[in-house]
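See below for the structure under consideration.
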Amino acid sequence: MTDERPATASRGWWRYLAPYRGLSFRVWLLAAVVLVNRAGTMVVPFLVLYLTEQRGYSPAEAGQVLAVYGVGAIPGNLLGGAVLRRFSAVRVQVASLAASALLLGLLVSVSSTPALLAVLGLLSFATEVFRPANAAALAAWTEPAMRRRAFALNRTAVNLGMSIGPALGGALAGVDFRLLFLIDGATCLLAAGLLAALAGRDPVAAAPPGGATGRAAPWHRHARFTAFLLVSSVVMMIFFQVNAAYLLFLKGGLGLDTRSVGLLLSLNALLCVVAEMWVVHATERFDARRVLAAGALLVSLGFGLSPWSDGLWSAAALVLVWTLGEMLVLPTGAAAATAFAPADDPGRYLGAYFAASSAAFILAPLAGTSLYERAPALPFHVALALGPALAAGFLAFGPPKDRPVPE
């Protein structure tokens with residue numbers, strides 16, 4: 001009797017890899033660039049420790065310095081989208097990565113606080129210019145029906161890279177903090193070189209990613225898109241509580257130790273790396289508005305039910321819920337921005353979408369911790385109550401209906 005297990009395993013892997021098939025070489029190139037860049041991302045995750053342990057800043061002062069990084073992200077995203085009308089997406093990405101490498105070298109060498117703030121703000125600006133340019137290239141190299149999957153691949157590269165960079169950075173910080181700046185800058189240059197060498201001609205000029213045709217109003221005069229950005233921002237503010245009120249609740253409310261909190265956050269990253277492409281592939285046949293609405297409900301439910309969890313295992317179950325919501329909302333939302341965009345101005349719409357994400361990242365800890373101080377369960381109750389309204393908002397103001405996905 002022959003052993004059919006190897007053949008069965010092979011078929012299982014083939015089914016698992018099905019979502020990855022059909023994407024072009026250039027889409028994989030963009031994912032590789034993101035992976036290389038994120039795998040070297042070490043400075044920002046350890047910046048507070050660097051400032052307090054190496055530069056003598058108090059925790060409050062270090063937090064204020066770090067806030068400058070978040071503020072610089074919004075104009076960086078907006079400019080990164082605007083310049084795509086004049087420069088190729090590839091050139092904008094290469095310039096962003098090269099400038100980031102230069103500023104990382106300057107950051108470790110400045111001594112005064114004003115100079116540190118200036119360089120950090122410029123670093124944030126330069127780094128965030130990359131995002132809308134990368135998204136515009138991704139959309140241009142992908143058929144509309146495949147865009148959700150392409151953005152999911154990019155997010156998989158981000159999560160995989162971020163599972164490498166901070167872990168390696170933690171080990172290097174114990175040797176010499178300056179190594180973090182050196183390696184972070186070097187991987188920026190490596191990613192820039194890889195993109196410049198292999199990308200070829202301007203992707204945006206070759207295949208405009210906009211879902212609409214002809215000239216249209218700027219994004220801030222597009223009422224439906226502006227409403228979509230508002231709904232998306234609120235959903236992302238709930239999700240970004242993972243860096244704010246959620247952490248406080250896990251430690252103070254559930255009494256979990258730091259190791260258990262780390263395991264929960266690692267579970268989120270692992271699920272995204274392993275399952276996001278499959279989830280997006282399974283749902284891309286459905287209208288984006290419904291997918292976004294379902295994702296919003298899951299995000300609000302996963303975070304909103306946190307006060308009713310009673311330990312590590314119930315908290316892990318809720319991580320599964322809000323992570324599934326994350327996998328539905330974030331790649332579909334980025335693809336939706338390209339569906340709104342006119343053919344002559346995709347970059348500004350993508351820049352606005354990522355600027356809204358940056359604004360949510362800044363506002364989330366301010367709102368979440370403020371509510372948490374009033375009552376530890378309050379931010380989660382608010383998240384739970386907002387879920388149905390956010391789902392309705394996506395259904396009402398979501399992107400134009402997708403083209404059917406080919407079988």
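The values are calculated or read from the model by the stated rules, or taken from the named source; none is laboratory data. The model shown is predicted, which means the values in this text are computed figures rather than measured ones. Neighbour counts run over all protein chains shown; Cβ positions are idealised from the backbone, glycine included.
Checking the condition of a type outside the set (A, V, I, L, M, F, W, C), outside the structural domain of Thr127 (by TED's automatic domain parsing), more than 23 Å from Leu264 (Cα to Cα) and at pLDDT 90 or above, which residue from Gly333, Gly325 passes?
On inspection, the qualifying residue turns out to be Gly333.
Can you go through Ala315, Ala364, Ala336, Ala355 and tell me which one is over 30 Å from Phe125 (Cβ atoms) and touching a helix residue (DSSP H, G or I) at 6+ places or on another chain (Cβ under 8 Å)? Please lay out each step first, then the result.
On the way: Ala364 fails: over 30 Å from Phe125 (Cβ atoms); Ala336 fails: over 30 Å from Phe125 (Cβ atoms); Ala355 fails: over 30 Å from Phe125 (Cβ atoms).
Every option except Ala315 fails the conditions.
Please specify each residue of region 51-80 satisfying the condition of being more than 18 Å from Arg178 (Cβ to Cβ), part of a helix (DSSP H, G or I) and not hydrophobic (A, V, I, L, M, F, W, C).
If the condition is that a residue be more than 18 Å from Arg178 (Cβ to Cβ), part of a helix (DSSP H, G or I) and not hydrophobic (A, V, I, L, M, F, W, C), then Pro59, Glu61, Gly63, Gln64, Tyr69, Gly70, Gly72, Pro75, Gly76, Asn77, Gly80 are the ones that fit.
Conditions (1) without any contact (Cβ under 8 Å) to a residue 40 or more places away in the chain; (2) more than 21 Å from the chain's Cα centre (by Cα); (3) within 18 Å of Thr156 (Cβ to Cβ), marked per residue:
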{"site": "Asn268", "(1), (2), (3)": "no, no, yes"}
{"site": "Thr283", "(1), (2), (3)": "no, no, yes"}
{"site": "Ala296", "(1), (2), (3)": "no, no, no"}
{"site": "Trp313", "(1), (2), (3)": "yes, yes, no"}
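Kindly evaluate Val48 against the criterion of being within 16 Å of Leu116 (Cβ to Cβ), in a helix (DSSP H, G or I) and without any contact (Cβ under 8 Å) to a residue 24 or more places away in the chain.
Considered against the rule, which asks whether it is within 16 Å of Leu116 (Cβ to Cβ), in a helix (DSSP H, G or I) and without any contact (Cβ under 8 Å) to a residue 24 or more places away in the chain, Val48 comes out as yes.
Do we find that Val92 is surrounded by 13 or more Cβ atoms within 10 Å (Cβ to Cβ), within 21 Å of the chain's Cα centre (by Cα) and modelled with pLDDT under 80 in this structure?
no
Residues of region 361-396 being at pLDDT 90 or above and within 25 Å of Pro75 (Cβ to Cβ), which ones?
If the condition is that a residue be at pLDDT 90 or above and within 25 Å of Pro75 (Cβ to Cβ), then no residue fits.
So which of Ala133, Ala197 is out of contact with any His (no Cβ under 6 Å at 6 or more places or on another chain), small (Gly, Ala, Ser), modelled with pLDDT of 90 or more and in a helix (DSSP H, G or I)?
Ala133
Among all residue pairs at least 6 apart or on different chains, which show Cβ distances below 6 Å where the first residue, located in region 128-147, is outside the structural domain of Ala288 (by TED's automatic domain parsing) and the second is in a loop (DSSP other than H, G, I, E, B) and surrounded by 24 or more Cβ atoms within 10 Å (Cβ to Cβ)?
Hits for this filter: Ala139/Pro209; Ala140/Pro209.
Can you spot a residue in region 229-242 that is touching a Gly at 6+ places or on another chain (Cβ under 8 Å), surrounded by 18 or more Cβ atoms within 10 Å (Cβ to Cβ) and more than 15 Å from Gly325 (Cβ to Cβ)?
No.
What is the number of the single condition among (1) modelled with pLDDT under 80; (2) over 25 Å from Ala282 (Cα atoms); (3) part of a helix (DSSP H, G or I) that Ala7 does not meet?
(2)
Counting residues that are among the aromatic types (Phe, Trp, Tyr) and surrounded by 15 or more Cβ atoms within 10 Å (Cβ to Cβ), which helices (runs of 4 or more DSSP H) fully inside region 303-407 reach at least 3?
Where helices (runs of 4 or more DSSP H) fall fully within region 303-407 and carry at least 3 residues being among the aromatic types (Phe, Trp, Tyr) and surrounded by 15 or more Cβ atoms within 10 Å (Cβ to Cβ), they are 346-374, 378-397.
Considering every residue within region 45-55, establish whether at least one is under 22 Å from Ala139 (Cα atoms), of a type in the set (Lys, Arg), surrounded by fewer than 17 Cβ atoms within 10 Å (Cβ to Cβ) and at pLDDT below 90.
First pass over region 45-55, keeping only residues under 22 Å from Ala139 (Cα atoms): none.
No, region 45-55 has no match at all.
Suppose the filter is assigned by TED's automatic domain parsing to the domain that holds Asn243, more than 14 Å from Val231 (Cα to Cα), of a type in the set (Lys, Arg) and surrounded by 21 or more Cβ atoms within 10 Å (Cβ to Cβ); does Arg285 pass it?
In short, no.
If I go through region 97-125 residue by residue, how many of them are free of Cβ contacts under 8 Å to residues at least 40 places away in the same chain, farther than 18 Å from Leu180 by Cα and in a helix (DSSP H, G or I)?
Counting residues in region 97-125 that are free of Cβ contacts under 8 Å to residues at least 40 places away in the same chain, farther than 18 Å from Leu180 by Cα and in a helix (DSSP H, G or I) gives 3.
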